[in-house]
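Read through the structure below, which is laid out as structure tokens, and then see the notes.
The values are calculated or read from the model by the stated rules, or taken from the named source; none is laboratory data. Since the structure is predicted, the reported quantities are computational estimates derived from the model, not experimental observations. Because the Cβ atoms are built from the backbone with ideal geometry, glycine has one as well, and the counts that use them run over all protein chains shown. Only protein heavy atoms, including side chains, enter the accessible area calculation; ligands, DNA and RNA are left aside. Shrake-Rupley method; radii C 1.70, N 1.55, O 1.52, S 1.80 Å.
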Amino acid sequence: MNGPTRTASVHATRAVERSLAGRRHRSLAASVFLVYLLFSTLVGLVALFVLLFTILRDGLPYLDPTLLANAPSANPALAGARPAIIASVMIALVLIATALPIAIATAVYLEEFAPKDRWWIRLIELNIQNLAAIPSIIFGILGLAFLVRGLGLGPVLLAGALILGLQMLPTVIISAREALRAVPDSVRQGGMALGATRLQVVWREVLPAAIPGIATGSILGLSRAIGETAPLLMVGAATFVSYNPGLLTQYTVLPILIYQWIKLPQADFQGLAAAAIIVLLAILITMNGFAIWMRNRYERKW
Amino acid sequence: MIGVLALCAVISILVTVGIVVALMVPSLEFFTEVSPAEFFTTAKWAPLFKPAAFGVLPLITGTLNTTFWACTICLPLGLGTAIYLSEYARPRARAVIKPVLEVLAGIPTVVLGYFALTFLTPLLRSLGWQVEIFNAFSAGIIIGVLLLPTVASLSEDAMKAVPSSLREGSFGLGANRFQVSTRVVVPAAISGIAASFVLAISRAIGETTIVLIAAGQLAHVSFMPGDSVETMTAFIAATGAGDVPVGSISYKTIFAVGLTLFVITLLLNIVAIRMVRRFREVYE
């Protein structure tokens, strides 16, 4: 249902309710139900608030330039997260260069060109839906078997990035397809009526119109990959790395470093973990904020 | 050009084929050495010890234990949030609550694991409940918090897909908002709501980092919330992260447990996808 009709129907509903309000008393069940709804909603909000408060309380005393500038160390006073932060940024760049174009191309094919009624197209769609819900640790097993051991890449940054890329594909494909679907058919028909080929219409009209939606979905997918821990444990990211990583060197990323610090017994490392969490959350919130801003700024209403 | 695009679409199929091959080949080798009967029916799990024991039941009960507590949070509260957002909230409240829940859904699991271990568990102990440092309850509750926004968002989508004419007809007959929500909207959206529940259960079973940090790695059959347990995912991650010699029986257990996990979540996902199809067909 489109916007104005919906608003009108909401107003109509409210008017009817107001006129009936005098005659209707609120039943006990209705009140209890409303309390349940408000309680449910509050739990999520309060949990997020308490979580952020706890992290800031534990982490702020440990948040200093050493954390950003130094390498991990057995001495908590000197320990930092620099190699992990660099590795996280490098993985993001690899994902932008590899997984994102593949995911967007898949979405364009399925939405604009694929013969929708063929069984193999339906199989691809079903497969993508299912991949989106497979536990991330399973992708870690895939990486362990094929990239690290099978191809003999070893526990290097590229292997970790590729696994996160495969894991990211379905999420980005699904959101990019929604963005393409939101572009009305009149745009495509207009272009074709002027003599453009299907490919020209998609490349010059549909894709530019869908870019805000695609970018938003891509950034959200990227930020999920940056925060991922489990599959990288499987492909050997849990090593002690004190140097700046390269594509084919061993590495550790921010979430893995946090995981390792949490496991250490000294209280100082718990504080460092909380401080590193603040850094991780700052990166993710910046990315998500940018995505939301872009959605609001560039989204077109058709 | 279109061929290149189609090739990209095929990659997603290759990923699934790759996963199945990666899981099946070592698992088949595993089951030539350990009988499926021992694996699925005995309750002693000690694959890295000598003598080794390969009964997967402790990992399955451990997974059920954390998943149960996750469900007590995310199913009822996710549904309540969805009904509130879809049927009760004014647009301005929605505009605040929805983005906050999106932020909660985007918190990395390692952060939630930290929260479970350093906030929730000490809180339970200070309330006088002597849970173990690593326990199924804390991990499960926090998984529930992680999944609450997912259930809320998917269930709300299902309720939004219920045509307004159903609500208006009901209001016109004198029903109040409570009656419209519980007797018209929720029943009409039930397959979508059920799908969100099944998907949440599947995600809770597959969640790794939170249980690895907060639930421990003690493989024994226990349904006590305060006990330390080991889940299937925690075993896979802990063993995969360690230095297990390739080709050894311990190495192959990773894949046998992985295959078990994959089959369970695959079945749940297929059920969820089918349910979503059903509610789409009715109203579109």
### Message
Being assigned to a helix (DSSP H, G or I), surrounded by fewer than 20 Cβ atoms within 10 Å (Cβ to Cβ), more than 11 Å from every other protein chain (Cβ to nearest Cβ) and not small (Gly, Ala, Ser) is the requirement here; does A:ILE121 meet it?
### Response
no
### Query
In this structure, does B:THR109 turn out to be at the interface with another protein chain (Cβ under 8 Å from one of its Cβ atoms) and out of contact with any Pro (no Cβ under 7 Å at 6 or more places or on another chain)?
yes
### Summary
For A:ILE134, the lone unmet condition from (1) within 12 Å of another protein chain (Cβ to nearest Cβ); (2) assigned to a helix (DSSP H, G or I) is (2)
### Task
Determine which single condition A:SER242 fails, assuming it passes every other condition in (1) modelled with pLDDT of 90 or more; (2) polar (S, T, N, Q); (3) surrounded by fewer than 21 Cβ atoms within 10 Å (Cβ to Cβ).
(1)
### Query
Taking B:GLU168 and the conditions (1) farther than 27 Å from B:GLU102 by Cα; (2) open to solvent by less than 20 Å² (accessible area, probe 1.4 Å), which numbered condition does it fall short on, given that it satisfies the others?
(2)
### Message
With the structure loaded, tell me whether B:SER12 is surrounded by 20 or more Cβ atoms within 10 Å (Cβ to Cβ) and polar (S, T, N, Q) or whether it fails that test.
### Response
yes
### Query
Can you name the residue in region A:261-302 that is of a type in the set (A, V, I, L, M, F, W, C) and not in a helix (DSSP H, G or I) and is also nearest to A:ARG82 (Cα to Cα) among such residues?
A:LEU264
### Message
Here are the criteria: (1) within 13 Å of chain B (Cβ to nearest Cβ); (2) open to solvent by 10 Å² or more (accessible area, probe 1.4 Å); (3) among the polar types (S, T, N, Q). Tell me which single one A:THR229 does not satisfy.
### Response
(2)
## Note on the structure
Flagged in region A:268-295 as touching a Pro at 6+ places or on another chain (Cβ under 9 Å) and either free of Cβ contacts under 8 Å to residues at least 12 places away in the same chain or among the acidic types (Asp, Glu) (or both), in numbering order, are A:ASP268
### Query
Which one is farthest from the chain's Cα centre (by Cα) among residues in region B:45-72 that are over 24 Å from B:SER202 (Cβ atoms), open to solvent by less than 60 Å² (accessible area, probe 1.4 Å) and in contact (Cβ under 8 Å) with a residue 60 or more places away in the chain?
B:ALA52
### Task
Name the residue, out of B:ARG280, B:ARG203, that is open to solvent by 20 Å² or more (accessible area, probe 1.4 Å) and at pLDDT 90 or above.
B:ARG203
### Task
Give, as residue ranges, the helices (runs of 4 or more DSSP H) completely inside region B:144-248 that count at least 1 residues that are touching a Lys or Arg at 6+ places or on another chain (Cβ under 9 Å), at negative phi and without any contact (Cβ under 8 Å) to a residue 60 or more places away in the chain.
B:164-172
### Task
Working carefully through the options A:LEU158, A:LEU166, A:LEU180, find the one that is touching a residue at least 24 places away in the same chain (Cβ under 8 Å), under 30 Å from B:ILE19 (Cβ atoms) and either open to solvent by less than 20 Å² (accessible area, probe 1.4 Å) or in contact with a Ser or Thr (Cβ under 8 Å, 6 or more places away or on another chain) (or both).
A:LEU180
